[in-house]
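Q: For reference, the structure I am asking about is given below.
Just so you know, all these numbers are worked out from the coordinates, no wet-lab data involved. Since the model is a prediction, treat every value here as computed from it, not as a measurement. In this analysis, Cβ positions are derived from the backbone assuming ideal geometry, glycine residues included, and neighbour counts consider all displayed protein chains.
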Amino acid sequence: MSKTEPTALERFTNGILPENPIYRQFLGMCPTLAVTGAMKPAMTMAAATAFVLVSANVIISLMRGLLRPHLRILVFTLTIATFVTIADRFLEAYFYAMSKELGPYVPLIIVNCIIISRCEICASKQSVGVALADALGMSLGFALALASLATVREILGSGSWFGVTLLPAGWPHWTIMILSPGAFFTLGLLLALVNWVGRRRAEAAALRARIKG
Amino acid sequence: MEMLITLLQIAIGAALINNFVLHYFVGICPFLGVSRRTDTALGMGLAVTFVMSIAALLSWVFTYYLLRPGAPLPAWVWQAVGGKSGVVIDLSVLSYIMYIFVIAASVQFVEMYVRKFFPALYKSFGVYLPLITTNCAILFACLEIMKHLQDPTRLWGLPEALTLAVGGGLGFTLAIVLMAGIREELDQCDVPHSLRGPGIALIVAGILAMAFMGFAGVDRGIETTVTILMK
Amino acid sequence: MADEPRQGGYLRQAWLVIVLALVYGGALAATQTALGPRVAANRLREAYREIPKLVGLDGEANIVPIELTAADGSQRQAYEVVASDGTLAGWVLRASGQGFQDRVELLVGVTPDVSTITGLYVLDQKETPNLGSLVAEPPFRDQFRGLSTDQPIAVVTSTPTTTSQIRSVTGATISSTSVAELVNRVIEDMKTPLRRLRSGGK
C-alpha cells in the first residue's frame, strides 16, 4: 500500500510553521541559543545553515538511488561535513569578523539534527525538486525562529536591531538577555507562546467544524 | 606544578565556569530529552564523558600529528618524496570530517563496551546511545582542542586535552543530573499547559545558568591556593 | 528495498563512500587553495593594522615578527616596528591569559628602550557584554598610554592618586585587574631580553 508522498509545495510550507524545526521539532537548539544574542550573527548562521541544508538535500537526492541502507548515515555525514567546511572557510575568508563572533558554532552545523533528519526523511526518498523545496522551507522556518529569538534578545539586551539603535539612551540594557540565561528564558517563553497560539487556533477550528457539521 | 595549575584551571573552567550545557549551549538535545530521572541522567552523563574522553584522545592525536599547520607526519612524507623545504603543510581543511569519524568510532566502541558489561543500562538507553554521535558537546570538545593546537608557541599537550574532555563531560553530567532532579519535582506540579515539556525545562535551565554564572572568577585563586598547598 | 546480498564484500558496498570521499576531498582541497591565502591574510590583518598605532605611528610601518626567550625561559613572540625612515619606533608585545570569564589576548606597545607604554589593544576577549567587555574600549585602554614600566600598574576603583594607578571599569573590577596583570607580567618578562636585543643587535 503506497502512501502519497508530500509534494514540493507541501514540503515547502510545512517547514515554515507547521513543522518548524525549532518550535515544533525541537531540533537544532544549540545554535539557536548560542548565536541569537543579536540579529547579525543569527542571520549569518541562518544563511550558513541554509547553504548546507540546500546543498546536502540536493546532492543526497541526486544520489538517492545509490544509497545502501546501513551506509547512508555515513554518506549523509560526509556530505554535510564537506559543505560545512566550505561554508566555514568562505565565512573566514570574506566575513572574518562575523566568523570570529560565530566561533565554533559554524562547524557545529554538522551535528545540527535538522540537516540529517531532512536528508533521512525527504532527500533520500524524493526527487531533487521536492528535496530542494523541503530544504528551502526548513531553512526559512529556521531563519524565522532565529529572527524571533534574536529580535527579542537584541532589543531588550542592547536596545538595537541589526546594530541600529532603536530604544532611547535612557533604557537600561538588560544584559542578561545577551547572556545564556536570557537565551533559555526567551526560547522557553516563545515556545510557550507558539504552543498557546497553536492550541487556540486548533480549538477555534474544532469549534467551527462542529458548528458547520 | 605549572602543569597542575593549568590543568586545574582547564578542568574548573570546563566543568563550572564555562559549563558546556549552560554556557556554551552544546548538548542541549540530551539535556532536555533524557533529564527526566536522575539515574538515567547520571548514566547518560557518564556515557557522554566516556565518549568525549576517547574522542578527545583520538582527535588530539590526529590533529597534533597530522592535521595542524606544520604537523610532523605530512612534513616527513613531504621530505621523503623530495618536496621543497620551507613549505608548511596544512591539512586542517579535513579536520571536521576527521572529527566526525572519530566521534562515530568512539560511540561505536562505547556502545560495544556498555552492551557487554552493563546490559541493563544498555537497554534503558535505547536509541539515545547511538544518538550521542550527534551530540554537539563531543564535537565541541574536539573543536576546542583544535583551537588550542593552532598557535605553535602555545600548543596543548595530551594531558590538557583529556582534562578538557573529562572536565567538560563531568560538568555536563552535573548539569543534567541537577536538571533531572528538578524535573522529577516539576512532574508533581501544575505547570501551565503551554509551558509543559520543553518550555518549562528551558526556563529551569535558564535559572540554572544564572546560578552557574556565580562560578565566574573562581579559578583566579587556583594559582595562589596550589602554591600555598604545595609548600 | 530487498536485502542486499553480501557477495563482493565490503568494497562493493562501500564503493560509493570511497568515491564520495575522493570527490569531497578534491572539493575541499580546491576550497583550501582558493580561500586559504585570504584566510591567512585576514588573521594577520587585524594585528598588523593596530601595531603601528600602538607605537604612535600614523601610517605604514615595517613590522618584523621576532621570537625571544623571556625571563621565565619561555619562547615569546613580539613585533619590531620600524618607521619608514628606518628608525626603531618601538616594540609590540603579545600577552594572553585568563580574564574573568575566558582568555584575553592583548597587544602592548612600548618605546624602544622599554621604559614607557605607548598603547594597548585587546585582540580577543569573551568578558561580560557591556561590563567586562568595556576593557576593550578606548576609555579604559587609553589609560595605559604614557605609563612608566618601572613600577607595576595597579587598578583602583576610585580616582587614581599615583602615576602607576589606573581606574577600573565600573562593575568590571576583575576584568580590569586581569588586563593590568597581563600587561605587568609581559613587560616584566620581556623587558630585559628586549633591552639586551636592542643594545646588542643595533
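Q: In sequence order, what are the phi-derived ³J(HN,Hα) couplings for region A:190-200 according to the Karplus relation 6.51 cos²θ - 1.76 cosθ + 1.60 with θ = phi - 60°, rounded to whole Hz, with x for glycine and proline?
A: After applying 6.51 cos²θ - 1.76 cosθ + 1.60, I find 5, 4, 4, 4, 4, 4, 4, 4, x, 5, 4 Hz.
Q: What is the Cα centroid distance between region B:42-91 and region C:105-119, reported in whole angstrom?
A: 37 Å
Q: Give, as a single signed number, the net charge of other residues whose beta carbon lies under 10 Å from the beta carbon of A:Ser124, with Lys and Arg counted +1 and Asp and Glu -1.
A: The answer is +3.
Q: A follow-up question, please. Which helices count as membrane-span-like in chain B under these terms: full DSSP H, at least 20 Å along the axis by C-alpha, Kyte-Doolittle mean of 0.0 or more?
A: Span-like helices in chain B: B:38-62, B:95-117, B:158-186, B:198-213.
Q: If you don't mind, another one. Taking amide hydrogens as modeled 1.01 Å from N in the peptide plane, which residues meet the under 5 Å criterion relative to C:Leu120, leaving out close sequence neighbours?
A: Excluding prolines and chain starts, which carry no amide H, the hits are C:Gly109.
Q: So, one more: Using amide H atoms built 1.01 Å from N in the peptide plane, name the residues 5+ places from B:Asn135, or on other chains, whose amide H lies under 5 Å from its own.
A: none
Q: Write out the chymotrypsin sites (Phe, Trp or Tyr not before Pro) in region A:107-213 meeting two conditions: DSSP loop, and at most 15 other Cβ atoms within 10 Å of their Cβ.
A: Passing both the DSSP loop test and the Cβ count: A:Phe162.
Q: Can you give the helix-only mean residue ellipticity at 222 nm for the protein assembly as shown, where every DSSP H stretch with n ≥ 4 adds -39500 (n - 2.57) and the sum goes over all residues, rounded to the nearest 500 deg cm²/dmol?
A: Roughly -19000 deg cm²/dmol at 222 nm, from the helical runs in the protein assembly as shown.
Q: Moving to a separate point now. Suppose we keep just the alpha-carbon trace of chain A; what are its Rg and Dmax in angstrom?
A: So, for chain A, Rg and Dmax equal 19.1, 66 Å respectively.
Q: A follow-up question, please. Filter the trypsin sites (Lys or Arg not before Pro) in region B:73-124 down to the DSSP loop ones having no more than 14 other Cβ atoms within 10 Å, then list what survives.
A: Answer in residue order: B:Lys84.
Q: While we're looking at this one, here's another question. A:Val197: net charge of surrounding residues, Cβ under 13 Å, Lys/Arg +1, Asp/Glu -1, itself excluded?
A: +3
Q: How far, in degrees from 0 to 90, does helix C:9-54 lean away from the longest principal axis of the Cα atoms of chain C, to the nearest 10?
A: Result, in degrees: 20.
Q: When all alpha-carbon pairs of region C:32-97 are counted, what percent fall beyond 17 Å?
A: 50 percent
Q: Turning to a different aspect of this structure: How high is the relative contact order of region B:1-134, in percent, with contacts defined as C-alpha pairs under 8 Å that are six or more residues apart?
A: After rounding, I find 20 percent.
Q: Report, to two decimal places, the Cα Rg of region B:119-193 normalised by 2.2 N^0.38 Å (N = number of residues).
A: Rounded to two decimals, the normalised Rg is 1.55.
Q: Under the Karplus relation 6.51 cos²θ - 1.76 cosθ + 1.60, θ = phi - 60°, what is the ordered set of whole-Hz ³J(HN,Hα) values for region A:135-143, x standing for Gly and Pro?
A: Working through the residues one at a time gives 4, 5, x, 5, 5, 5, x, 4, 4 Hz.
Q: Quick check on the protein assembly as shown: of the DSSP beta bridges with both residues there, what percent are antiparallel, nearest 5%?
A: Counting only bridges with both partners in the protein assembly as shown, antiparallel ones make up about 90 percent.
Q: Can you list the HN-Hα couplings for region A:33-47, worked out from phi with the Karplus curve (6.51, -1.76, 1.60; θ = phi - 60°), rounded to whole Hz and with x for Gly and Pro?
A: With coefficients 6.51, -1.76 and 1.60, one gets 6, 7, 9, 8, x, 8, 5, 4, x, 4, 6, 5, 5, 4, 5 Hz.
Q: Ok, one more. If I fit a long axis through the Cα atoms of helix C:173-201 and take the longest principal axis of the Cα atoms of chain C, what angle between them do I get, 0 to 90°, rounded to 10?
A: Approximately 80 degrees, to the nearest 10.
Q: Note down the relative contact order for region C:115-202 as a percent, whole number, built from C-alpha pairs under 8 angstrom at least six residues apart.
A: Taking the mean separation of contacting Cα pairs over the length of region C:115-202, I get 25 percent.
Q: Hey, could you get me the Stokes-Einstein D for region C:61-138, Kirkwood radius over alpha-carbon pairs, 20 °C and 1.002 mPa s, rounded to whole µm² s⁻¹?
A: The diffusion coefficient I find is 154 µm²/s.
Q: Okay, next question. Excluding same-chain residues fewer than 8 positions from A:Lys100, which lysines have a Cα within less than 23 Å of its Cα?
A: A:Lys40, B:Lys147, C:Lys53, C:Lys126
Q: Using modelled amide H (1.01 Å from N, peptide plane; none on Pro or chain starts), what sits under 5 Å from the amide H of C:Ile66, excluding residues fewer than 5 places away?
A: So C:Ile66 has HN proximity to C:Ala78, C:Tyr79, C:Glu80.
Q: Note the direction-averaged projected area, equal to a quarter of the hull surface, for the Cα convex hull of chain B, in nm².
A: That works out to 16.3 nm², a quarter of the Cα hull's surface.
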